[in-house]
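The values are calculated or read from the model by the stated rules, or taken from the named source; none is laboratory data. On a predicted model such as this, the values are computed, not experimentally measured, just so you know. A quick note on method: Cβ atoms are made from the backbone with ideal geometry, for glycine too, and the neighbour counts reach across all protein chains shown. When the accessible area is computed, the model is the full protein with side chains, heavy atoms only, and any ligands, DNA or RNA have been set aside. Shrake-Rupley method; radii C 1.70, N 1.55, O 1.52, S 1.80 Å.
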Amino acid sequence: MGKKGKKEKKVKGAEKTAAKMEKKVSKRSKKEEEDLESLIAEFQSLDAKKTQVVETACSPPSQRLTASLSAHPEKDELILFGGEYFNGQKTFLYNELYIYNIKKNSWTKLDTPNPPPRRCAHQAVVLSQGGGQLWIFGGEFASPTGEQFYHYKDLWVLHLTTKTWEQVNAAGGPSGRSGHRMVAFKRQLIVFGGFHESTRDYVYYNDLYSFNLDTFTWTKLSPAGIAPAPRSACLMATTPDGNIVIYGGYSKQRVKKDVDKGTLHTDMCLLKCEGKEGEEKWSWNRINPSGAKPTPRSGFSLASGPNNRIVLFGGVCDEEEEEAIEGDFFNDMYFYDLVKNRWFLGQLKGQKSGKKKRRRGKKNETGATSNLQNEQENPQEPTVIVKEITAEDGTVMTIKQEVSASEKEMEDSESEEEEEGEEDEEASGPQIEPCPRSNALTVTKHGVLFVYGGMFEVGDRQFTLNDLYCIDLHKLEEWKVLVEMDPKTQEWLEESDSEGDENGGAEGGDDDEDDSEEESEEEEEHPPIEDGEQLPDYLTRTESYWIKIAHDNMEPNSKEKKVLKVAHAMAKTFYEECV
């Protein structure tokens, strides 16, 4: 009785705290959202000028994140909508609609009347009814500075036969949010979780809503049992026996003023539905799947696979140590069997079964994470493979990927035995595969997984992709490149520091009077520029020197990313003055 009473009090206390936080966030963000509403209205006035559907053949969409990629229920086509892009200074939001023809490997842009406002981090579900429909709910709009957010709570449907949008107005739905999950379940749309953020506060959700596709009404569901902790960006899928499974996700909470702690969830829940249609009884149940579970991560992508399986691709694990955050990006695949309740690693044929991409995390954030790490005792020391990509401005983006020692040995042995021409599964040479990334857009059609874009970070820079890969999930033989990444599309502008300290020059500038004074005092000690040396090479060669100078001229507890940014700005200023 005592233990049960304490547990119930804790649950109720957590619910009250979440309710207070939601009210607090709503109050503080009201003015911000009012400001953004006027900006959204300006964009909508431009869209209102479109009076007919116009289809235009085009090149692949520009790089973007947190858009939606869906498979047409009737045709061999993929549908891409929305998304965002950040170039270091400005945030761009989209409401563009693209169609990818799988057989022709071609793109078409659709300009349609009355489209939904620009957004990202929404959810899209495709239904076969009415000749095909694409349903969109929620998402967010960010100011150009990326400091203010507007979270949508609207519901839209794209009629695929006529290629026209319709807004569905129904009261009683979820509050405005991003990062939620939505699935089609019988004659309903089920929405779970997500988050709402303002400049000062944020709140994560674990509520559950149902939208009836026959009556066009929202219902808030209150399942029995203990719900998963509030989270966003989790796995949500329907099972063959008429239930819904939830896995993973991300949330954060404030541990003290201006200090947040992120949590990578690794637990799994089953949302059971019993009873007749219209009289369903819902309940939460914890489940413990078997097999090779994914390593803790956020930003993973998921899609339905053949044989009642869900495929999970990529993601990132941010390891926080003091003030620094370093992300490990992945490009591995895990499959979850919805019938057997079992995870297994997606292994390409021709690779040794001993290949392991799992590794120990440096930080336990949840009990589930700790248990998962205990299952991975004594892993082999991984080998880091470094790939470099040069952008148009000369910036060298370095991608680091960890592979197990056994995998590296396999690749080495293959290169040594290449001339022997043996036709065994180890002599196929290096395989083409997408580089590690998070927040890629994924979808399957006819058992083929398509992966579009995504992002990874290099130091303080965000590298957004617009490439397209595919792989046959039945065969798992090889990745195919449908659209190659174009380095010329990569742009990163130095952020003008709004905090008014080390990097407080004009917009787009890197000059700093204080830094310039320090540089002039130590000019004779600066590393000289070699004849004909370009800025990117100079920055790479002298990076450690400028980082030290930046450290000496900044606050002792400055974040590493900020130090690196200031160091590069100082080096760039010196280079430009000398050249």
### Message
Run the numbers for residue 252 and residue 52: contour at 0.36 nm per residue of separation, minus the present Cα-Cα distance, in nm.
### Response
67.6 nm
### Summary
For region 230-302 the GluC sites (Glu not before Pro) that pass both the DSSP coil test and the at-most-16 other-Cβ-within-10 Å test are 277, 279
### Query
What spacing in nm lies between the two simple spin-label points modelled at residue 277 and residue 145, each 7 Å away from Cα in the Cβ direction?
5.2 nm
### Message
Heavy atoms only, 1.4 Å probe, whole protein assembly: order 246, 529, 99 by accessible area, highest first.
### Response
529, 99, 246
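On full extension of the chain, what length is gained from residue 214 through residue 474, given 0.36 nm per residue of separation minus the C-alpha to C-alpha distance? Walk me through the intermediate numbers first.
Working: separation 260, 0.36 × 260 = 93.60 nm, distance 3.56 nm.
Full extension from residue 214 to residue 474 adds 90.0 nm.
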### Query
For region 137-295, what relative contact order do you get, as a whole percent, if you take Cα pairs closer than 8 Å and at least 6 residues apart?
14 percent
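Heavy-atom accessible area per residue, region 190-248, 1.4 Å probe: how many Å²? Can you show the working numbers first?
Working: 2000 Å² over 59 residues.
Ligands and nucleic acids excluded, the result is 34 Å² per residue.
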### Task
Rounded to whole Å and sorted largest first, list the principal axis extents of the Cα atoms in region 82-157.
40, 29, 20
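Could you sort 272, 103 by accessible area so the largest value comes first, with the probe set to 1.4 Å? Each step should come with its number before you reach the end.
Details: 272 70, 103 165 Å².
Sorted by accessible area, descending: 103, 272.
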### Task
Report the accessible area of residue 47, computed with a 1.4 Å probe over the heavy atoms of all protein chains in place, in Å² rounded to the nearest 10.
10 Å²
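Under the 0.36 nm per residue contour assumption, what length would be gained going from the current alpha-carbon distance of residue 491 and residue 74 to full extension?
Values: separation 417, 0.36 × 417 = 150.12 nm, distance 3.74 nm.
In short, 146.4 nm is gained.
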